[in-house]
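The block underneath contains the structure these notes are about, expressed in structure tokens.
Read-outs: derived from the displayed coordinates by stated rules, not from any lab. This one's a predicted model, so the numbers in the text were calculated from it and none came from an experiment. Neighbour counts run over all protein chains shown; Cβ positions are idealised from the backbone, glycine included.
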Amino acid sequence: DYSIEILFYIVFLYPIGYLSLSVEIGDYSGIGVNAVIPDGSKIGNNVMMGPNCFVLYRNHRFDRTDIPMRMQGYTEPKPIIIDDDVWIGQNVTVLPGVHIGDGAIIGLNSVVGSCKPCDAVEKNDNVQHSWIVVQGVPRV
């Protein structure tokens, strides 16, 4: 097992991006320029991530109307899991708690709030592929 675990803050001001505490990155995975990856994220093997991707692990609270949203604090952190052989295009935002399954393709400029399992098989000219487009164009 050649995966690495980052146990400290790393800030690349230019051109790499931002990886936070305890990010696990699998073998042969690439993080795009200016990507932001928060604490507790798990990235599998052979993941391709385009530039300017933003992964959120929490959000602002907004459940009370008697307090301004900016003063309500944050939701509980929810980890992000990206499985093996995933392609995430440029400018993708992944919302808290999303689990992106094996073989998923996320089209550029997508916002991913949920991800169905990659249990479907695309067929093209009698060739089976184990990937599925879950966001973007074309979406199945």
Open item on the list: As an exercise, use a Förster radius of 25 Å and the Cβ-Cβ distance of Asp39 and Asp63 to find the FRET efficiency, rounded to the nearest 0.05.
Closed with: 0.60
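How much length is gained on full extension from Val111 to Tyr74, taking 0.36 nm per residue of separation minus their Cα-Cα distance? Provide the component values of the computation, followed by the final result.
Details: separation 37, 0.36 × 37 = 13.32 nm, distance 1.96 nm.
Here the answer is 11.4 nm.
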